[in-house]
Protein chains: 2
Amino acid sequence: MSAPALTKNQALVFDVLEKADGPLSAYTILDKLRDHGFRAPLQVYRALEKLLEYGVVHRLESINSFVACAHPGENCHSHGIVAFAICESCSQVMEFHDHEVDHRLMDWTRSKKFKAEKTTIEIRGLCEACAA
Amino acid sequence: MSAPALTKNQALVFDVLEKADGPLSAYTILDKLRDHGFRAPLQVYRALEKLLEYGVVHRLESINSFVACAHPGENCHSHGIVAFAICESCSQVMEFHDHEVDHRLMDWTRSKKFKAEKTTIEIRGLCEACAA
DNA sequence: ATCAATTGCGTTATGCTATAACGTGTGCGA
DNA sequence: TCGCACACGTTATAGCATAACGCAATTGAT
């Protein structure tokens, strides 16, 4: 599951996300890559699908956007559940991990015999700078 | 913030959600209410907006769907963060609350001076019956 | 009582998000 | 060299959500 060499499209999409200072929607990525020959949403979605699989990109469910993983070079899948704080004003995203939260949620799923596949934790609000 | 009497449309939408055995998309709700005169998505979305505000309905961000709160009569907003386990096979949803998780996330946001407005916790996977 | 503000409602139109279905080319192992 | 897996390109379509307009009913202050 670690990331193999990226294909051309995957590299382009990843590059856009890494250089962005916040999450981007698939269509925003598409627009940024039109100069590189991108024409259709599927080109973006297919690349994103792989990047998500490799753990180098995260999807923010609550805002339908994508962001590069904050741990360049590492496989984020090994960090346990990833949590995000998303500023609704400046759209900056902070990524963090909390093992105690992981344990509590795992305890719950175990007690219910629920087989968790993918867990989303997203906190929306205002970052320190924007809340001032 | 507690729920005032519902308007006709709000009551219709809430009723559909309460009788459903799982989360419904806005457009599914719309289809179920065509016989009651609903014609446009906005009629559903506007009702949902209020029901969410009143805390009697939850939005599941990861599947773009809505579900009636599992605590009929109570205002769910007072229970702290709401977490959901969503079965990807039978689409059954379990709603739960974990104060320890709340505390850990609040500790994090406090330490970052992040002003949380709305927190999403959604676990997707397979329920006990479907995992068998 | 009346006017203004608020709220809910209906409609049309539009925009944003995501995937289905088809076909092409390339590389690689049986 | 055949078959398979995979990335890619294109067109079309499905699914989710809101903008903008106008109207009606309610409320509440003057």
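Looking only at residues that are open to solvent by less than 80 Å² (accessible area, probe 1.4 Å) and within 16 Å of DNA strand D (Cβ to nearest atom) in the stretch A:65-88, which one is farthest from the other protein chains (Cβ to nearest Cβ)?
For the stretch A:65-88, the residue satisfying everything is A:PHE66.
Of the residues making up the stretch A:98-125, those that are open to solvent by 50 Å² or more (accessible area, probe 1.4 Å) and touching a residue at least 12 places away in the same chain (Cβ under 8 Å) number 1. The set of residues from the stretch B:32-44 being part of a helix (DSSP H, G or I) and either near DNA strand C (Cβ under 7 Å from one of its atoms) or surrounded by 14 or more Cβ atoms within 10 Å (Cβ to Cβ) (or both) comprises B:LYS32, B:PRO41, B:LEU42, B:GLN43, B:VAL44. On the stretch given as the stretch B:27-51, residues that are in contact (Cβ under 8 Å) with a residue 40 or more places away in the chain and either within 9 Å of B:LEU12 (Cβ to Cβ) or within 10 Å of DNA strand D (Cβ to nearest atom) (or both) total 1.
The values are calculated or read from the model by the stated rules, or taken from the named source; none is laboratory data. Since the model is a prediction, treat every value here as computed from it, not as a measurement. When we count neighbours, we look across all protein chains shown, and the Cβ atoms used for this are built from the backbone with ideal geometry, even at glycine. Note: areas computed on protein heavy atoms with side chains; ligands, DNA, RNA excluded. Shrake-Rupley method; radii C 1.70, N 1.55, O 1.52, S 1.80 Å.
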